[in-house]
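Colleague: Pasting a structure here, questions to come.
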Amino acid sequence: MNRAGDLVASAKSVHDRYRAGRMARETVREWVGRLGLYPEPHGSMVKAAAEWFRVNKDDDIDDDVKQQDLAMLSGIFNA
């Protein structure tokens, strides 16, 4: 089981860099896919984000999809 404090800090950093255009969507998707297991309340949000990025693999996205990406990331650190 991984540490929730580290997860929150990392998720916030990834969210902020992706939102600012300093991180590619592919990098975000890879990061989320490698997260592993976390205790609740973060665990279910990590699983949901991993599933979201697994299903939505296209890098050519519109603003609505990016906003959903950001919502999934913020769900991790706001859980």
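Colleague: If you check 47, 66, which single one turns out to be within 25 Å of residue 4 (Cβ to Cβ), more than 9 Å from the chain's Cα centre (by Cα) and assigned to a helix (DSSP H, G or I)?
Modeller: Answer to the selection: 47.
Colleague: Scan (1) among the small types (Gly, Ala, Ser); (2) in contact with a His (Cβ under 8 Å, 6 or more places away or on another chain); (3) loosely packed, with under 14 Cβ neighbours inside 10 Å for the single condition residue 4 breaks and write down its number.
Modeller: Residue 4 satisfies every listed condition except (3).
Colleague: Still on this model: Scan (1) surrounded by 12 or more Cβ atoms within 10 Å (Cβ to Cβ); (2) outside any helix (DSSP H, G or I); (3) basic (Lys, Arg) for the single condition residue 22 breaks and write down its number.
Modeller: So the condition that residue 22 fails would be (1).
Colleague: Another one. Considering each of 71, 48 in turn, give the residue that is more than 13 Å from residue 14 (Cα to Cα), modelled with pLDDT of 95 or more and not acidic (Asp, Glu).
Modeller: The match here is 48.
Colleague: OK, next. Out of the stretch 25-44, which residues are under 16 Å from residue 4 (Cβ atoms), out of contact with any Gly (no Cβ under 8 Å at 6 or more places or on another chain) and part of a loop (DSSP other than H, G, I, E, B)?
Modeller: Passing the criteria: 35, 36, 38, 39, 40, 41.
Colleague: Can I ask one more? Run residue 56 past the list (1) modelled with pLDDT under 95; (2) exposed (fewer than 11 other Cβ atoms within 10 Å of the Cβ) and report the number of the one that doesn't hold.
Modeller: Here residue 56 meets the rest and fails (2).
Colleague: Only one of 55, 28, 46 is among the β-branched types (Val, Ile, Thr) and out of contact with any helix residue (DSSP H, G or I) (no Cβ under 9 Å at 6 or more places or on another chain); which? I'd like the intermediate steps shown before the answer.
Modeller: Numbers: 28 fails: out of contact with any helix residue (DSSP H, G or I) (no Cβ under 9 Å at 6 or more places or on another chain); 46 fails: out of contact with any helix residue (DSSP H, G or I) (no Cβ under 9 Å at 6 or more places or on another chain).
After applying the criteria, what remains is 55.
The values are calculated or read from the model by the stated rules, or taken from the named source; none is laboratory data. These numbers come from a predicted model, not from an experiment. Note that each Cβ is placed from the backbone with ideal geometry, even for glycine, and that neighbours are counted across all protein chains shown.
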